[in-house]
C-alpha cells in the first residue's frame, strides 16, 4: 500500500525503515545489510537516516554500491544542519556541506528528502535549503522534530515534508501541526510509530505514559495496535519503524498490511490520549 508524500511527487510505502538502529556498531555490517535487504524485499520503500545515526548512512551507501539498482526503488531521507567537521552547526554552510557529505556516504547523486534535524525555528536557514532544491541535489526539504520547532515548520511554506512523532501516547502533532501542514500540501512521515516499544521497558519517557493510559494490555498485540494506528493516522503518508531485527521488520510489514484499525478502535486510541495526555507534548 503506497501513498503520495504531499506535493513532492514522491510515492512512499506506508511503512518505512528508521535506519538509526542499523547504525549501531554493536551489530555487524552483514546483519545491518540483512535488515535493509529484507525491508526492501518486503516492499518497504522509505529509508530514513541521519548523520548522527552512527554507521547508518555508510551502511546504506554500501548497499547501493553493491546493488546500484536498489537506489531507484527507494525514497531516501536524511537530515542535516550539524556535525560537519570544521563548520558551525545550524549554518547555511553546514547544510550545503552536510548534504554533499551525505551524497558521498550513500553513493547517490541525489537525496529525495533532506530535513533540518530537531533544531529551534530558524528562518535564516530556509534560503540554503531552497538552494539545495534548486541545485537538483535534493528533491524535497523539510523538518524533523516536535514541539515549537514542528509548529514553526508546519507554518513554513518552504518546507515540503515534516517528520514528527505519532504513536499511541504521542499524538500532539496529530491534533495541531499535521492538519495545518497537510492543508498546505506537506507530506508527513511519522517517527516513533511503535513508541520505542515502551511496553517492554521502563526507561523511556513513553513507559510511564503507557502505564497511565493503558493499565491493561490491549486486545491486539501492542506492536500491531501501535503500528496500524500510526501508519494509517489521518494525514500520515508513511510510518517509520526502527529495528535491528529481520524478524521485526517482517512482522511490522505484516501488521501494516492489515490496514487501518476499525473505526471504533481508532477512536478509542484517540479518546485515551485525550483523557490522559493533556500535558504530553511531543517527545523530541
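Observations on the model:
- Residue identified as surrounded by 14 or more Cβ atoms within 10 Å (Cβ to Cβ) and either touching a helix residue (DSSP H, G or I) at 6+ places or on another chain (Cβ under 7 Å) or on the phi > 0 side of the Ramachandran plot (or both) among 227, 220, 189: 227
- Positions within the range 7-38 being assigned to a helix (DSSP H, G or I), buried (at least 24 other Cβ atoms within 10 Å of the Cβ) and within 15 Å of the chain's Cα centre (by Cα), in sequence order: 22
- Residues in the range 234-265 that are over 14 Å from residue 18 (Cα atoms), buried (at least 17 other Cβ atoms within 10 Å of the Cβ) and out of contact with any strand residue (DSSP E or B) (no Cβ under 7 Å at 6 or more places or on another chain): 251, 255, 261.
- Residue within the range 51-68 that is crowded, with 24+ Cβ neighbours inside 10 Å, modelled with pLDDT of 95 or more, in contact with a helix residue (DSSP H, G or I) (Cβ under 9 Å, 6 or more places away or on another chain) and farther than 24 Å from residue 248 by Cβ present: no
- Among the residues here, residue 103 qualifies as surrounded by 15 or more Cβ atoms within 10 Å (Cβ to Cβ), over 19 Å from residue 240 (Cα atoms) and out of contact with any strand residue (DSSP E or B) (no Cβ under 6 Å at 6 or more places or on another chain).
The values are calculated or read from the model by the stated rules, or taken from the named source; none is laboratory data. This structure is a prediction, so every number in the text was calculated from the model and none was measured. Note that each Cβ is placed from the backbone with ideal geometry, even for glycine, and that neighbours are counted across all protein chains shown.
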